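A short worksheet on the structure shown next.
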Amino acid sequence: MYSLLIRNALIAQPDGNTIVGDVACEHGRIGRIDPQIDALAEETLDAQGRLLLPGVIDPQVHFREPGNEHKEDLGSGSRAAVAGGVTSFLEMPNTAPATIDQTALDDKLSRAAQKSVANYGFFIGATPDNVDALNSVSPVCGIKIFMGSSTGSLLVNRRGDLERIFANGDRLIAVHAEDEARINARLKRFAGRTDTAVHSEIRDNQCAVLATELALELSIQHQRRLHILHLSTHEEVDILRRNKPEWVSAETIPNHLFLNVADYERLGSLVQMNPPIRQAQDNSALWQGLRDGVIDFIATDHAPHTLEEKQRPYPKSPSGMPGVQTSLPLILTRYAAGDCNLAEVLRWMSAGPAQAYGLIGKGQISEDWDADLTLVDMDTVRPVKNEEMFSKAGWSPYVGRGLTGWPVYTVVGGHIAFEKDSIRDGIRGQALRYSPTGDIQPR
């Protein structure tokens, strides 16, 4: 008997085509896909012709646990994830304590096993002196380097320290690319300004460009796998268009696609983040980079703070926004408008991050692949409402924006985790498995 049988779905194929049919799940995997499946199941779901997508993989979130659980925790963050069609996430190391050794990683894995509704994985964070741990702590999806914009031990901005990390080991290195020296110099230059819009002037495009150029130089010098997080500028797109080795990948995030400096007037510090929102021309260049394959996929950089914290006067207001629940509807709204095709959506939201991070069995709807799925409503437009956000933050910068493609059901490991605006009790995700060779075929 199957654990779940989904009938009458418009099933997204890996090539971007669709077929009408049924999907049967067993033992956490997709057991069968056929036009019609006549079989018993513990639960049967009538998709009513809705679009069935592979579960979204969000490869950059900050769920704040341990240390800042008043903002978010692995339970609340994962609930927001599945409500947004996200079935797997990769979480960043800047918690308290930071994830810089095996003890901290084991603690996170234990916490996630107890409370995460979605599948989970974690980065190891680089410091100037933990290179041995970077190459031994396991299991991790990669190494996170904050080249700028960090606190405590996680800032690695000196070239010698960066050289040592790039030169030792072969794990993927993911960089937050902002130049710390330029940020500090511009903080002095703009001292006294308290309008939030100055944030984008302090951390200007050149801050990102300098750091991205350095990371790319070191990656080429050492033939080291590099991933550039939250690419935000048209200059960086141009750099990668000219010179992007096959072992380099890049992502962008909805905030840099859908928001720009014009939004400061209406939203103020709610749209303050690092790297900051940019100009409209940067929005356009990032979209073009996605379509051209210069940018490989989309993450969210979900980084929640409470409204009380965000309402502090700048520069005391913290940087970061929630986004894991709205990413898929934002992109599907552009798909519905004809601005991208389904093959691109699948690559940007699921297949791309699965391949980049070697996530075994993830990223597509095929027999024997993991049964992580989301059924979306492409016929209804609904506004973003703060009261419907599952994040502890309880707000979204996109509040009031009408979106389509909201998930109706989300399936994790062959079991319904989210249904019609509610989270099911008792569903838990699994620790992600990583392929050292990049072969993500189920095994």
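The values are calculated or read from the model by the stated rules, or taken from the named source; none is laboratory data. This structure is a prediction, so every number in the text was calculated from the model and none was measured. Note: ideal-geometry Cβ built from the backbone for every residue, glycine included; neighbour counts use all protein chains shown.
Data table
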item	result
Residue count, region 164-210 (criterion: in a loop (DSSP other than H, G, I, E, B), more than 26 Å from the chain's Cα centre (by Cα) and under 23 Å from K310 (Cα atoms))	6
Conditions (1) hydrophobic (A, V, I, L, M, F, W, C); (2) in contact with a Gly (Cβ under 8 Å, 6 or more places away or on another chain); (3) part of a helix (DSSP H, G or I): number failed by I295	(3)
Considering residues of region 420-443 that are among the polar types (S, T, N, Q) and surrounded by 14 or more Cβ atoms within 10 Å (Cβ to Cβ) only, the residue nearest to A83 (Cα to Cα)	Q430
Residue match in region 247-257 (condition: of a type in the set (V, I, T), in a strand (DSSP E or B) and touching a residue at least 40 places away in the same chain (Cβ under 8 Å))	yes
Filter result for P397 (more than 19 Å from the chain's Cα centre (by Cα), more than 18 Å from V56 (Cβ to Cβ) and either surrounded by 24 or more Cβ atoms within 10 Å (Cβ to Cβ) or in the same structural domain as A9 (by TED's automatic domain parsing) (or both))	no
Residue pairs meeting the criteria (Cβ under 6 Å; at least 6 apart or on separate chains; first under 13 Å from E213 (Cα atoms) and polar (S, T, N, Q), in region 225-245; second in a helix (DSSP H, G or I) and modelled with pLDDT of 95 or more)	T233/N205; T233/A208; T233/D282
Test for L187: is it in contact with an Asp or Glu (Cβ under 7 Å, 6 or more places away or on another chain), at pLDDT 95 or above, of a type in the set (A, V, I, L, M, F, W, C) and closer than 18 Å to S319 by Cα	no
Filter result for S269 (crowded, with 21+ Cβ neighbours inside 10 Å, over 27 Å from I239 (Cα atoms), in the same structural domain as G77 (by TED's automatic domain parsing) and small (G, A, S))	yes
Filtered residues of region 37-56 (kept if farther than 22 Å from W395 by Cα and of a type in the set (V, I, T))	I37, T44
Search result, residues across region 23-55 that are more than 20 Å from P442 (Cβ to Cβ) and part of a strand (DSSP E or B)	A41, T44, L45, D46, L51
Qualifying residue in region 56-68 (condition: touching a helix residue (DSSP H, G or I) at 6+ places or on another chain (Cβ under 6 Å), part of a loop (DSSP other than H, G, I, E, B) and closer than 19 Å to A371 by Cα)	no
Residues of region 331-369 satisfying the condition of being on the phi > 0 side of the Ramachandran plot and either in contact with a Ser or Thr (Cβ under 8 Å, 6 or more places away or on another chain) or surrounded by fewer than 19 Cβ atoms within 10 Å (Cβ to Cβ) (or both)	G338, G358, G363, D368
Test: residue in region 336-343 that is within 23 Å of A12 (Cβ to Cβ) and assigned by TED's automatic domain parsing to the domain that holds L10	no
Residues of region 403-427 satisfying the condition of being in contact with a strand residue (DSSP E or B) (Cβ under 8 Å, 6 or more places away or on another chain) and either part of a loop (DSSP other than H, G, I, E, B) or without any contact (Cβ under 8 Å) to a residue 60 or more places away in the chain (or both)	T404, G405, G413, G414, E419, K420, R424, I427
Residue selected from region 298-309 under the condition in a loop (DSSP other than H, G, I, E, B) and among the β-branched types (V, I, T), by the criterion surrounded by the fewest Cβ atoms within 10 Å (Cβ to Cβ)	T306
Matching option when the condition is under 30 Å from R7 (Cα atoms) and either without any contact (Cβ under 8 Å) to a residue 60 or more places away in the chain or surrounded by fewer than 16 Cβ atoms within 10 Å (Cβ to Cβ) (or both), among D101, D107, D58, D38	D38
Of all residues making up region 310-338, the number that are in contact (Cβ under 8 Å) with a residue 24 or more places away in the chain and either assigned to a helix (DSSP H, G or I) or over 14 Å from V271 (Cα atoms) (or both)	13
